[in-house]
1. Can you list the HN-Hα couplings for region 107-113, worked out from phi with the Karplus curve (6.51, -1.76, 1.60; θ = phi - 60°), rounded to whole Hz and with x for Gly and Pro?
2. Name the residues whose placed amide hydrogens come within less than 5 Å of the amide hydrogen of D57, ignoring near sequence neighbours (fewer than 5 apart) on the same chain.
3. With each pseudo-label sitting 7 Å past Cα toward Cβ, what's the L50-L102 distance in nm, one decimal?
4. Within a Cβ distance under 12 Å of K114, other residues only, what is the Lys/Arg minus Asp/Glu net charge?
5. Given 0.36 nm per residue, what is the gain on full extension from M118 to M70 after removing their alpha carbon distance, in nm?
6. From the phi angles alone, apply the Karplus equation (6.51, -1.76, 1.60; θ = phi - 60°) to region 81-92 and give each ³J(HN,Hα) in whole Hz, x where the residue is Gly or Pro.
7. In whole Hz, what ³J(HN,Hα) sequence does region 32-44 give by Karplus (6.51, -1.76, 1.60; θ = phi - 60°), x for Gly and Pro?
Amino acid sequence: MDQPATHHTNSQLTLGQRAADQVAKFGGSWLFISLFGMFMMGWTVLNTELLGKTAFDPYPYVFLNLVLSMLAAIQAPIIMMSQNRFSDMDRLAAQNNYLVNLKAQSEIQAVHHKLESMQTEEIRALLLEQKTLACAGTGKQGGLSSSGAVYFDASSFLF
């Protein structure tokens, strides 16, 4: 897990992948929308006002419709290829995040278990010390068994 599985440099991508990314990046930008809007406006002004009766694509702009359809037919699958690749990268990142979270959960459980055992040992030691002090005051005997359980003479509970 030193380096995420989603890390790719430009040199690792194929020419088609780099081209698809650039088309998707440009096709989804305000620059593209602005330039395309100006192109459409220019086309309509040229074929309606400037060329008039000699226009190569008079209203209703059938040739423009053909050009736009071809552009959409080419641009859509290229953008989808780029989106699919990014989707795969997102899926790998999610898998990596899951594995990291799973490892963190395991580590947290281990720390929790260690703290719990330390707390149990501390409570056991405090109980032993408390009983030892109580027994010292009454002269009764108590101690710790080989299993770690605190034991006392039954009469030591009668003060």
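1. 5, 5, 5, 5, 5, 4, 4
2. Here the answer is none, since no amide H 5 or more places off falls under 5 Å of that of D57.
3. Modelled inter-label distance: 6.3 nm.
4. Net charge around K114: -3.
5. 10.1 nm
6. 4, 5, 5, 4, 5, 5, 5, 4, 5, 5, 5, 5
7. 4, 4, 5, 4, 5, x, 5, 4, 5, 5, x, 4, 5
Readers should treat all values here as calculations from the given coordinates under stated rules, not as data from a laboratory. Predicted, not measured: the structure shown is a model, and the values here were computed from it. Note that we place each Cβ from the backbone using ideal geometry, even for glycine, and neighbour counts take in every protein chain shown.
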